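The values are calculated or read from the model by the stated rules, or taken from the named source; none is laboratory data. It should be emphasised that the depicted structure is a prediction, and the values quoted were computed from it without experimental measurement. Please note: Cβ atoms are built from the backbone with ideal geometry, for glycine as well, and neighbour counts cover all protein chains shown. SASA here: full protein model, heavy atoms, side chains in, ligands and nucleic acids out. Shrake-Rupley method; radii C 1.70, N 1.55, O 1.52, S 1.80 Å.
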Amino acid sequence: MLGAVDWHTAQPMRQRRGQDQRPQPSTSDPVGRLMPYTMVELCWKLSICFFCYQVVSGRVTREGHYVAAVYEHESILSPNPTALVDRQSALELMGRNLDIYEQQVVAAARQGAQIIVFPEDGIHGFNFTRNSIYPYLDFVLHSEFVKWNPCREPYLFNDTEVLQRLSCMALKNKVFLVANLGTKQPCEPTDPHCPSDGRYQFNTNVAFNDDGTLVATYRKHNLYFEYAFDTPPEPDYKFFDTPFAGKFGMFTCFDILFFEPAVNLIRQYNLKQVVYPTAWMNQLPLLSAVEFQQAFATAFNVNILAANIHHPTLGMTGSGIYTPVKSYIYHNMESYGGKLIVAEIPVITADYDTNLEINERFRDNLHDSCKTSTSGSMDDQVCFKEGEEIPGRVSEKGNEQLPPIFYAEMMYDNFTFVPVWGEKGEVHVCANTLCCYLNYRRAVLTDELYALGVFDGLHTVHGTYYVQACALVKCGGLSFSTCGQEVTDATAVIDFQLWGNMSTPYIFPLLLTSGITLDFADHMGWKNNHYFISKNRTSSGLLTAALYGRWYEKD
C-alpha cells in the first residue's frame with residue numbers, strides 16, 4: 001500500500017487489533033518474570049527495534065520503493081526584474097531563496113527522502129530581460145564527459161556560486177537534488193546559432209547525486225514567453241541514474257505538452273521515473289497543474305516528481321508526487337508560503353507497458369472483436385460491433401428532440417457543446433473528424449449545468465499545438481454561455497462513460513473533482529477505434545472528465 005511518510009511522527013509498531021496474543025510470563029511468578037525469551041521471540045523483538053531505528057535514521061524503505069520529496073516554493077522575487085544589477089546584488093537575492101532550499105533539504109532528509117525536486121524559476125524569479133537576467137546566471141559546462149563536484153571543487157570555474165550551494169546541500173544531506181537556475185555559456189561567431197552578444201542563456205535543470213556531483217543538466221526546449229533565454233539548438237535528452245530507482249528523466253514546465261523532448265525522451269530510453277520542475281499557471285478546466293501532471297503519469301505509466309512555484313495571485317500552485325494510480329498533491333490558492341511533500345512510492349520497472357504502448361497496439365489492430373462482459377457495468381455499453389449505430393446518434397424513441405448544440409469558448413478554443421440534462425442519459429457531439437459520446441447517471445439530481453464539449457483543431461493562444469478533446473465539464477452557471485468557464489467547486493456525483501474516435505494514441509485522461517482534487521478512472525482503453533474512460537461514482541462533485549489528445553504530427 002502506498003503512503004505518505006512522515007518519519008517525525010513515526011511510532012513504534014503496536015498491536016492494532018487487540019493486545020499481543022503471544023504467551024507472556026506470569027507477573028505473579030518470580031521465575032516467570034525471569035524466564036528468558038525463546039530465540040524466536042528475541043529475534044522478533046530485535047527485528048522490530050532494528051526497523052524502528054532505521055526508520056528514525058531515515059534511510060530504510062520497503063523493498064521496491066523509494067522516498068521522494070518535492071517542494072512548492074514561494075520564491076522571493078526581484079522588485080524590479082528589468083533593472084540592471086551587479087553580480088553581488090543578484091547573489092544576495094538568490095541566496096535568500098537558497099537559504100529556504102537548504103532548510104527544506106534538511107527537513108526532507110530527516111523524513112528519509114532520497115531525492116528532492118525544486119521548482120522552475122525558484123532561485124532567480126522571472127520577468128527578466130535578456131540583459132537584466134545576466135548577473136543571475138551561473139556558468140555550466142553542458143558536457144556529459146566532465147564529472148564535477150562544485151562543493152568539493154569550487155575553484156574550477158567562475159560564476160558558479162549557486163551550483164556550489166546546491167551541490168553542498170546534496171552532499172551534506174546525502175540526497176539526490178534537482179533544481180532549476182539560469183545558466184550562461186559562451187559561443188563562437190562561427191556557430192550559426194550563437195546570439196549576437198556572444199553567449200547562450202539557458203533555462204536549466206541541474207541534478208546532483210548524494211555526493212554532490214553534478215550528474216545531469218537539461219536546457220529547457222519549449223520556452224513560454226521567456227525572452228531572457230535561448231532555445232537550445234537541439235533538444236536535450238537528459239537523465240541520471242540512481243541506486244534506489246534507476247534512471248530519472250528531466251524536462252521542464254511547458255515541455256510536458258510537446259513531443260520533443262518529453263515524449264521522445266521517455267520512449268527512446270524507456271524511462272519510468274521523471275523529475276519535473278515547473279512554474280505553471282493553472283488554467284481550468286483542462287490544464288490545471290495537478291490535473292495534467294497526474295494525466296501524464298497515467299498515460300505513460302511513470303512516476304513524476306513535480307515541483308511548482310507558489311504564487312497564488314499569478315495562478316501558480318500545484319505540485320505533487322504522482323504514480324499512475326495514486327498521487328500526493330498540493331494545490332492551494334488561498335494562502336502563502338512553501339510546502340514540502342514527502343512520500344514513499346513504488347519503483348516502476350521497465351517491464352511494464354505504458355498506457356501509450358497499449359494504445360498504439362490497439363490502434364494497430366483497430367478492428368478486433370469486441371470484448372464482452374457480464375458485469376452489467378457502464379463499461380459494457382461502449383462495446384459496439386463495427387457497423388452498429390453508436391449510442392446517442394439518435395434518440396431512443398426516434399421522435400424525441402435531441403439536446404441543442406451550442407458553441408462556447410473554453411481554453412481559448414471554440415468548443416462545440418451539448419447540454420447534459422436530467423438524471424441519466426446518452427449524448428454525443430462532433431467537430432471535424434472527432435465525435436465524443438457520453439453515457440451518464442447522476443446519484444442525485446442537482447441544480448448544476450454540465451455540458452459535453454468537443455474540439456478538434458489547432459490551439460493558437462499561448463502556444464501553438466494540435467488538440468483533440470472530449471470533455472464533460474461543469475459550467476460556471478445555468479446558462480450555456482458559462483460553459484467552459486473556470487469552476488472550482490461542484491456537488492454532482494456522476495457515473496459516466498466517455499469515449500471518442502480519437503485519431504492520436506497520445507491521450508491524457510483528466511478527472512478533476514471539487515476543490516481541485518483528483519480522482520481515478522475505473523477503466524480506460526481502446527475499443528473498436530474509440531478510446532474510453534469510465535468511472536462509477538466519482539469521489540466528490542465532478543468538475544472535469546476529459547480525454548485530452550495531443551496530435552503532435554499536426555503541430
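Residues in the range 428-447 that are hydrophobic (A, V, I, L, M, F, W, C) and open to solvent by less than 10 Å² (accessible area, probe 1.4 Å): V429, L434, C436, L438.
Which ranges mark the strands (runs of 3 or more DSSP E) fully within the range 164-232 that have 3 or more residues being over 17 Å from G125 (Cα atoms) and within 27 Å of the chain's Cα centre (by Cα)?
214-219
For the range 258-293, a residue qualifies if it is free of Cβ contacts under 8 Å to residues at least 40 places away in the same chain, open to solvent by 10 Å² or more (accessible area, probe 1.4 Å) and in a strand (DSSP E or B), and exactly one does: M281. When the range 179-194 is limited to residues that are free of Cβ contacts under 8 Å to residues at least 40 places away in the same chain and open to solvent by less than 50 Å² (accessible area, probe 1.4 Å), the one that is nearest to A228 (Cα to Cα) turns out to be C194. The set of residues in the range 327-355 being of a type outside the set (F, W, Y), modelled with pLDDT under 95 and under 18 Å from K247 (Cβ atoms) consists of T349, A350, D351, D353, T354.
Can you find, within the range 319-332, the residue that is surrounded by the fewest Cβ atoms within 10 Å (Cβ to Cβ) among those that are part of a loop (DSSP other than H, G, I, E, B) and in contact (Cβ under 8 Å) with a residue 40 or more places away in the chain? Here the answer is V325. Out of all the residues in the range 235-257, is one or more open to solvent by less than 40 Å² (accessible area, probe 1.4 Å), under 24 Å from G125 (Cβ atoms) and assigned to a strand (DSSP E or B)? Checking the range 235-257: at least one residue is open to solvent by less than 40 Å² (accessible area, probe 1.4 Å), under 24 Å from G125 (Cβ atoms) and assigned to a strand (DSSP E or B). Being buried (at least 19 other Cβ atoms within 10 Å of the Cβ), out of contact with any Leu (no Cβ under 9 Å at 6 or more places or on another chain) and of a type outside the set (D, E, K, R) holds for only one residue in G500, G484, G549, and it is G484. In this structure, is C253 on the phi > 0 side of the Ramachandran plot and touching a strand residue (DSSP E or B) at 6+ places or on another chain (Cβ under 8 Å)? Considered against the rule, which asks whether it is on the phi > 0 side of the Ramachandran plot and touching a strand residue (DSSP E or B) at 6+ places or on another chain (Cβ under 8 Å), C253 comes out as yes. Of all residues in the range 450-473, those satisfying the criterion of being among the hydrophobic types (A, V, I, L, M, F, W, C) and open to solvent by 10 Å² or more (accessible area, probe 1.4 Å) are F455, L458, V461.
Can you pull out the residues in the range 499-513 that are under 21 Å from E423 (Cα atoms) and in contact with a Lys or Arg (Cβ under 9 Å, 6 or more places away or on another chain)? It would help to see each step written out before you state the result.
Our first condition is that a residue be under 21 Å from E423 (Cα atoms); within the range 499-513, this holds for 499, 511-513.
Passing the criteria: W499, L511.
All told, G463 meets the bar of being in a loop (DSSP other than H, G, I, E, B) and in contact (Cβ under 8 Å) with a residue 60 or more places away in the chain.
Checking the condition at pLDDT below 95, polar (S, T, N, Q) and either open to solvent by 20 Å² or more (accessible area, probe 1.4 Å) or part of a loop (DSSP other than H, G, I, E, B) (or both), which residue from Q19, Q104 passes? None of the others qualify; the one that does is Q19.
None of F157, F176 is touching a strand residue (DSSP E or B) at 6+ places or on another chain (Cβ under 6 Å), surrounded by fewer than 17 Cβ atoms within 10 Å (Cβ to Cβ) and touching a residue at least 12 places away in the same chain (Cβ under 8 Å) except F157.
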